[in-house]
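Data block below; observations after.
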Amino acid sequence: MQHFEVNFDGLVGPTHNYAGLSFGNVASLSNAKSTSSPKSAAKQGLAKMKALQEMGMVQGVLAPQERPDIYALRRLGFKGEDHEVLAKAAKEAPAIFRACCSASSMWTANAATVSPSADTRNGKVHFTPANLTNKFHRSLEPETSGRILQAMFANSRYFEHHRHLPDNEHFGDEGAANHTRFCSDYGHAGVELFVYGRHAFDSSKPAPTRYPARQTFEASEAVARLHGLSPDNVVFMQQNPAVIDQGVFHNDVIAVGNQNVMFYHEEAFINEAQGFAELEQKLGQSIHFIKVPTNVVSVDDAVKTYLFNTQLITLKPGHMAIIAPTECQENERVAQYLNDLVGMDTPIKEVRYFDVKQSMRNGGGPACLRLRVALNDQELAAVNPNVILTDELYARLNQWVDKHYRDELSSDDLADPNLLIESRTALDELTQIMHLGSVYPFQRV
Ligand SMILES: N=C(N)NCCC[C@H](NC(=O)CCC(=O)O)C(=O)O
């Protein structure tokens with residue numbers, strides 16, 4: 001039996017824009033209200049997907065969501081025809097309106113937590129959509145994320161889908177951005193590391209003071225329970241609150257792991273030694289812990305360049321590549337570090353740089369843009385084949401973007417009723433291309 005790690009990248013939606021919605025995410029706040037390019041954002045994402053496919057990876061595509069979210073606006077009391085709802089909300093509650101227009105589902109590392117079948121009690125691949133309660137604009141995602149994932153992984157013999165956790169800050173869950181799986185090989189039982197930012201039910205425990213900790217310990221525990229993971233194969237570690245307060249709003253902004261490698265910043269965790277010893281003991285083998293010291297790369301540089309929001313992928317046994325944003329190349333210290341890293345005696349042998357600047361300006365790097373799903377060949381054969389990137393699908397999606405997406409989008413354009421029509425037209429066609437069925441609210445009423 002063969003095993004794969006499949007990366008499901010978020011296809012950027014037609015309303016991609018910069019609205020400054022994520023307090024605690026430095027890039028989101030500093031680029032608020034700049035003009036975006038949905039077309040280049042989508043094309044940058046597709047180019048990264050294609051490159052990984054050409055590197056021999058199995059690459060998947062995760063569809064975007066319907067925005068503006070007219071249903072959320074109606075729930076908040078805006079009435080009338082769709083164009084009236086848009087006009088009233090944009091005028092009377094512009095901040096709420098902008099939140100309902102976000103294309104934030106593109107960061108699919110936050111779509112769900114996924115446990116491969118080798119780790120779970122019933123031998124199925126488990127999915128729990130993230131509730132994303134900490135940010136209003138992101139809390140609009142889990143229902144549709146769940147429907148899209150069910151349309152992609154539809155075979156109940158292999159896949160089990162859970163409902164997202166209760167929509168409350170106590171169970172704030174940000175999905176795979178705070179979850180890393182270590183294993184000797186993708187098909188072998190691994191150890192799942194859940195990293196949380198605070199304890200919701202114990203205020204005596206450390207917590208950040210400036211920016212929010214989006215993931216709670218209690219949420220991480222609940223996901224591990226739902227997925228039927230054995231306590232012998234799970235480790236919980238707390239993020240260092242001091243780095244959350246410096247803009248590290250998810251663990252994947254300060255650490256990335258793959259198989260037997262953990263690439264991380266010196267300041268990432270509380271109780272690092274204890275957590276890492278537990279990881280190795282539960283995995284039953286040693287892990288390459290590649291620690292980047294503060295005096296080589298500061299937390300500030302890590303946040304600005306997303307050195308750790310890189311994808312660490314296995315190209316052949318013992319040979320990994322780092323997929324980094326071009327921001328890393330443009331920072332002298334980080335570029336030098338990466339240059340040195342590939343010469344060190346670790347499984348990381350090469351670095352490839354990608355321009356995902358449209359996403360980076362909202363605080364989303366290469367790793368935010370993908371959801372990892374480890375699958376065996378039978379499970380892969382049971383995945384909806386129309387969501388796996390082929391040369392044909394790549395060409396088709398590029399044409400689709402050219403046909404439907406705007407070159408530029410400003411904050412004022414969000415209230416244009418044509419944008420809603422354009423988005424729905426595009427998504428309706430996309431569900432046919434990807435054989436997803438009626439996953440969007442406008443297709444269901
Ligand atoms: N690290 C990972 N895995 N994901 C990055 C998510 C970025 C996203 N940005 C935003 O939602 C900004 C939207 C805006 O401001 O318009 C967020 O903060 O949740």
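The values are calculated or read from the model by the stated rules, or taken from the named source; none is laboratory data. Note that the structure is a prediction, hence the values are computed from the model and not measured. No Cβ is skipped: glycine too gets one built from the backbone with ideal geometry, and neighbour counts run over all protein chains shown.
Return only the number of the condition from (1) within 19 Å of Gly60 (Cα to Cα); (2) touching a residue at least 12 places away in the same chain (Cβ under 8 Å); (3) of a type outside the set (Gly, Ala, Ser); (4) away from the ligand (no atom under 15 Å from the Cβ) that Gln399 does not satisfy.
(2)
For every residue, the table says whether it meets (1) more than 19 Å from the chain's Cα centre (by Cα); (2) touching a residue at least 40 places away in the same chain (Cβ under 8 Å).
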position	(1), (2)
Pro231	yes, no
Val235	yes, yes
Gln239	no, yes
His250	no, yes
Asn260	yes, yes
Glu272	yes, no
Lys282	yes, yes
His288	yes, yes
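Out of all the residues in the stretch 367-376, is one or more over 23 Å from Leu427 (Cβ atoms), of a type in the set (S, T, N, Q) and away from the ligand (no atom under 16 Å from the Cβ)?
Looking through the stretch 367-376, at least one residue is over 23 Å from Leu427 (Cβ atoms), of a type in the set (S, T, N, Q) and away from the ligand (no atom under 16 Å from the Cβ).
Just wondering, is there one or more residues in the stretch 335-346 that are acidic (Asp, Glu) and within 24 Å of the chain's Cα centre (by Cα)?
Among the residues of the stretch 335-346, not one is acidic (Asp, Glu) and within 24 Å of the chain's Cα centre (by Cα), which makes the answer no.
Of all residues being farther than 16 Å from Asp119 by Cα and in contact with a Lys or Arg (Cβ under 6 Å, 6 or more places away or on another chain) in the stretch 158-196, which is surrounded by the fewest Cβ atoms within 10 Å (Cβ to Cβ)? Just the residue, please.
Gly172
Give me the residue from the stretch 352-405 that is within 21 Å of the chain's Cα centre (by Cα) and among the charged types (D, E, K, R) and, out of that set, nearest to Thr326 (Cα to Cα).
Residue satisfying both the conditions and the ranking: Asp355.
Filter the stretch 150-170 down to the residues that are charged (D, E, K, R) and part of a strand (DSSP E or B) and list them by number.
Glu160, the sole residue that qualifies.
Go through the residues of the stretch 300-308 one by one and say whether even a single one is assigned to a strand (DSSP E or B) and either hydroxyl-bearing (Ser, Thr, Tyr) or surrounded by fewer than 22 Cβ atoms within 10 Å (Cβ to Cβ) (or both).
There is no residue in the stretch 300-308 that is assigned to a strand (DSSP E or B) and either hydroxyl-bearing (Ser, Thr, Tyr) or surrounded by fewer than 22 Cβ atoms within 10 Å (Cβ to Cβ) (or both).
If you take the residues in the stretch 106-145 that are within 22 Å of Asp82 (Cα to Cα) and within 13 Å of the ligand (Cβ to nearest atom), which one is surrounded by the most Cβ atoms within 10 Å (Cβ to Cβ)?
Step by step, filter the stretch 106-145, then rank; the result is Glu141.
Yes or no: Ala41 out of contact with any Asp or Glu (no Cβ under 8 Å at 6 or more places or on another chain), in contact (Cβ under 8 Å) with a residue 24 or more places away in the chain and closer than 16 Å to Ala426 by Cβ?
Yes.
Tally the residues that are in contact with a Ser or Thr (Cβ under 8 Å, 6 or more places away or on another chain) and surrounded by fewer than 24 Cβ atoms within 10 Å (Cβ to Cβ), restricting the search to the stretch 34-52.
Count: 2.
In the list Thr305, Thr314, Thr326, which residue meets the criterion of being out of contact with any Lys or Arg (no Cβ under 8 Å at 6 or more places or on another chain) and either free of Cβ contacts under 8 Å to residues at least 60 places away in the same chain or within 16 Å of the ligand (Cβ to nearest atom) (or both)?
Just one listed residue meets the conditions, Thr305.
Right, Asn362: of a type in the set (S, T, N, Q) and either within 22 Å of His126 (Cβ to Cβ) or in contact with a Phe, Trp or Tyr (Cβ under 7 Å, 6 or more places away or on another chain) (or both) or not?
Here the answer is yes, as Asn362 does meet what is asked.
Can you work out which of the residues in the stretch 27-50 that are more than 17 Å from the chain's Cα centre (by Cα) and within 12 Å of the ligand (Cβ to nearest atom) is nearest to Phe8 (Cα to Cα)?
Per the stated criteria, the residue is Ser36.
Please state which of the following conditions His162 fails to meet, knowing it meets all the rest: (1) within 16 Å of the ligand (Cβ to nearest atom); (2) touching a Ser or Thr at 6+ places or on another chain (Cβ under 8 Å).
For His162, the failing item is (1).
Take Ala95 and decide whether it is surrounded by fewer than 18 Cβ atoms within 10 Å (Cβ to Cβ), over 26 Å from Asn251 (Cα atoms) and either at pLDDT 95 or above or of a type outside the set (Lys, Arg) (or both).
Against the criterion (surrounded by fewer than 18 Cβ atoms within 10 Å (Cβ to Cβ), over 26 Å from Asn251 (Cα atoms) and either at pLDDT 95 or above or of a type outside the set (Lys, Arg) (or both)), Ala95 qualifies.
Out of curiosity, is Asp173 farther than 17 Å from Ile244 by Cα and either part of a loop (DSSP other than H, G, I, E, B) or modelled with pLDDT under 95 (or both)?
Criteria not met by Asp173.
Residues Lys39, Lys88, Lys50, Lys33: which one is charged (D, E, K, R) and assigned to a loop (DSSP other than H, G, I, E, B)?
Result: Lys33 is the single residue among Lys39, Lys88, Lys50, Lys33 that is charged (D, E, K, R) and assigned to a loop (DSSP other than H, G, I, E, B).
Quick check: anything in the stretch 322-336 part of a loop (DSSP other than H, G, I, E, B) and surrounded by 16 or more Cβ atoms within 10 Å (Cβ to Cβ)?
yes
May I ask you to list the residues in the stretch 337-378 that are assigned to a loop (DSSP other than H, G, I, E, B) and either buried (at least 24 other Cβ atoms within 10 Å of the Cβ) or among the charged types (D, E, K, R) (or both)?
Asp345, Asp355, Val356, Arg361, Asn362, Gly363, Gly364, Gly365, Pro366, Ala367, Cys368, Leu369
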